[in-house]
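What follows is a short report on a single structure.
Taken together, the values in this text are just the output of simple stated rules run on the coordinates, not laboratory data. All values derive from a computational prediction rather than experimental measurement. Every residue, glycine among them, receives a Cβ derived from its backbone with ideal geometry; neighbour counts consider all protein chains shown.
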Amino acid sequence: MTDDRPVLPTSGYGDHYARQATSQPDAMEAFWMPFSANRQFKAAPRLLASAAGMFYTTVDGREILDGTGGLWCCNAGHARPRIVEAVQQQIATLDFAPTFQMGHPLPFALAERLVAIAPDHLNHVFFTNSGSESVDTALKVALAYHRARGEGQRTRLIGREKGYHGVGFGGISVGGLPNNRKFFGSLLPGVDHLRHTLDIERNAFSRGLPLHGVELAEDLERLVLLHDASTIAAVIIEPVAGSAGVVLPPEGYLKRIREICDKHGILLIFDEVITGFGRVGKAFAAQRFDVQPDMITTAKGLTNGCVPMGAVFIADRIHDTFMHGPENMIELFHGYTYSGHPLACAAALATLDTYAEEDLFEKAIELEAYWADAIHALRELPNVVDIRNIGLIGAIELASRPGAPGARAYDVFTRCFHEENLLIRVTGDVIALSPPLILTRGHIDRIFQTLAHVIGQTA
Ligand SMILES: Cc1ncc(COP(=O)(O)O)c(C=O)c1O
């Protein structure tokens, strides 16, 4: 066999791009940054140049401890050798191949690997490029499923207040964060919302799942009474909500939601874009909480964040409903040019290997108690009104300054970054933590000692 692939020059180009990637840009105007205060950021940028293991390095050479896994993405830490090599090799072997009426081996191999770690009945995977696309895909599959089985009147989608399901029109319609909705018109019709489960008055400083609030699941019965079950296609919820500032399900809540869905023939979708891939000590939160959803949406940790990719896990009974009719018919008129992209598949396969080789999901469980002790030790600090934790997720909620919501946590965030070399994330006045699962007790000590110091000094 002759190899007539073009021989590319290997010197020069790489260095040129590496220099650009690691130094302060000459101009910053053109890039409209997502979910950012652009003018404030560009006046005092925080630019990351490289990363390895638990640390980022900034363009000015400071090493920053990553308390966020990037953005809930890098569960195996940064620049892990297997993943780096897999992507490097893949791009030189097959850079792109279509998956519409064509294929290449990797998404088939990856889907098999994924269903092996998913709940038993979720044996089919639809690939996307992001959490938002995974959510829109799951919502569309739910609608098309009911139609395929002769219940096309089931068009209503139920989300939850404070829910975050990405930024597509489907996701913001079922989502429950006012700022993500109010600027964008009338959204999808026929959507309703459950109440959220954050109840600081009754549940402040719970370790793990809060005890109070299972009765909030009965909201679903209320919506069934209002709309009639025959109009409702699906309920979508995050088992643990992240973007709203970490909101945990009360004990028994998810199981009760499942029961009500079963009773009324409503599909249950778990949005596990942040909880998937070990964050709560199992591959999926569905397994940790022992509740079986009909679909699970994922992204982020699927490729350890290094190549954009999402995946929707779909129950056999849903998938099989589509596999009727003439075999030359396309069963689902949905897909993305990059569904099952070779680089993303290579990254995901190597990511799964890394998770397994290092037992990272189990590690999250092993460290959970230490993590919980460390974060709850901050409860007596000034302005701390609640602390929430599960797996290697943590949230510290601060009282808002009068008339300036978010300002106090933002000050903690910038001081941590600029003065203490620690990356945290804030939403409103909630500090949210989701470190790579490779962290050690030493890293946990450093994160919370730093936070204790900074919160203690922030008026
Ligand atoms: C639960 C959940 N769903 C969906 C998304 C959207 O993912 P993406 O930003 O990849 O579109 C996120 C992102 O944080 C998320 O947390």
Margin query: Roughly how far apart, in whole Å, are the Cα centres of segment 266-301 and segment 205-249?
Written below: 15 Å
Item checked: Estimated 222 nm signal from helices in the chain, with DSSP H stretches of n ≥ 4 weighted -39500 (n - 2.57), rounded to 500 -> -11000 deg cm²/dmol
Next item on the list: Could you please state, rounded to a whole Å, how far the C-alpha centre of segment 309-362 is from the C-alpha centre of segment 134-169?
Entry: 18 Å
Next item on the list: Quick one: grab the alpha carbon gyration tensor of segment 1-125, order the square roots of its eigenvalues as a ≥ b ≥ c, and give me rounded if a/c is under 1.5, else prolate or oblate depending on whether a/b is larger than b/c.
Entry: oblate
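Give, rounded to the nearest 20 debye, the magnitude of the charge dipole that segment 327-459 has about its Cα centre when Lys and Arg contribute +1 at Cβ and Asp and Glu contribute -1 at Cβ. Let's see the in-between values first.
Values: 9 positive and 18 negative charges, 141 e Å.
Rounded to the nearest 20 debye, it is 680 debye.
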Notebook entry, point to check: Could you give the distance between the Cα centres of segment 19-70 and segment 423-441, to the whole Å?
Noted result: 17 Å
Item checked: Amide proton proximity set for residue 426, modelled H, under 5 Å, gap of 5+ -> 432
Item checked: Test item: Cα-centred dipole of the chain, Lys/Arg +1 and Asp/Glu -1 on Cβ, debye -> 920 debye
Checklist line | Two-site label geometry, residue 32 and residue 89: point separation in nm, points 7 Å out along Cα→Cβ | finding: 4.1 nm
Notebook entry, point to check: If you look for lysine pairs in the chain that are eight or more places apart or on different chains, how many of them have Cα atoms under 20 Å apart?
Noted result: 7
Next item on the list: Report the trypsin sites (Lys or Arg not before Pro) located in segment 171-249 that are in a DSSP loop and have at most 12 other Cβ atoms inside 10 Å of their Cβ, or state none.
Entry: 182
Check: Shape of the chain from its Cα gyration tensor (a ≥ b ≥ c, root eigenvalues): rounded if a/c is under 1.5, otherwise prolate when a/b > b/c, or oblate?
Finding: oblate
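Give the residue list of trypsin sites (Lys or Arg not before Pro) in segment 127-171 that are DSSP loop and have at most 15 other beta-carbon atoms within 10 angstrom.
Those that pass, being in a loop and sparsely packed, are 149.
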Check: Are there any helices in the chain, counted as whole DSSP H runs, that stretch 20 Å or more along their axis by Cα and score at least 0.5 on average by Kyte-Doolittle, and if so which?
Finding: 342-357
Item checked: √(5λ) per eigenvalue of the Cα gyration tensor, segment 86-357, largest first, Å -> 30, 23, 17
Check: Order of 363, 300, 42 from fewest to most other C-beta atoms within 10 Å?
Finding: 42, 363, 300
Check: If you take every DSSP beta bridge whose two residues both sit in the chain, what share of them, in percent to the nearest 5, is antiparallel?
Finding: 65 percent
